[in-house]
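Remarks on the structure that follows.
Just so it is clear, none of the values below were taken in a lab; they were calculated from the coordinates. A quick note: this is a predicted structure, and the numbers were derived from the prediction, not measured. A quick note on method: Cβ atoms are made from the backbone with ideal geometry, for glycine too, and the neighbour counts reach across all protein chains shown.
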Amino acid sequence: MPWSKRTIGFIALVAVLGGSVCNRSESHSPASNAMGTSGTAPPARATRPTLTARAPDAFYDPPATLPDRPGALLRSEPLKGVTLPAGLQGWRILYTTTVDDHTPATAVATVFAPAQLPPGPRPVIIWEHGTTGLLQKCMPSLTSAPADGIPARDRIAAAGWVVVR
């Protein structure tokens, strides 16, 4: 089936936008740090740590056969090499789900809990993040600060609750 120029243009646009949406880092040209014409330095701007993303590893590879039921935990592991707020621990999990036509699929989520879990069952909040990009490398579980952006995260952890993102 031949593709129209419009379809090819749309695919190219999605690829460019998808690649630019996640893992942004600001770059400054030498000119942006130059002295102004009046001889004064430009006002200092607050800087934030750069958010980085790792490449997906074998953890994300689904097994050859999947259980028929959605919600089956396939694997989990503690988050490593990431920045988490004090008092919070986290894991990444791979589990089964389905796509719109009920075809089995896999998905990844991150789970956050207080470092000192109280005994007994814990309330769980399921929080769906907004779209972070179109490419696999944009998954929040691959970022250097996977708990960033969770609303009221510190209050939730202080209350002993668990968040699944």
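Less than 13 Å Cβ to Cβ from G90, Lys/Arg counted +1 and Asp/Glu -1: what total charge do the surrounding residues give? Taking every other residue near G90 into account, the sum is +2. With the biggest extent put first, the Cα atoms of region 62-165 measure 39, 33, 23 Å across the principal axes. With θ taken as phi - 60° and the Karplus curve 6.51 cos²θ - 1.76 cosθ + 1.60 applied, the whole-hertz 3J(HN,Hα) list for region 62-74 is x, x, 4, 10, 10, x, 6, 9, x, x, 7, 6, 9 Hz, x standing for glycine and proline. Couplings 3J(HN,Hα) for region 144-154, derived from phi with the Karplus relation 6.51 cos²θ - 1.76 cosθ + 1.60 (θ = phi - 60°), are 6, 9, x, 8, 4, x, 6, x, 6, 3, 5 Hz, where x marks Gly and Pro.
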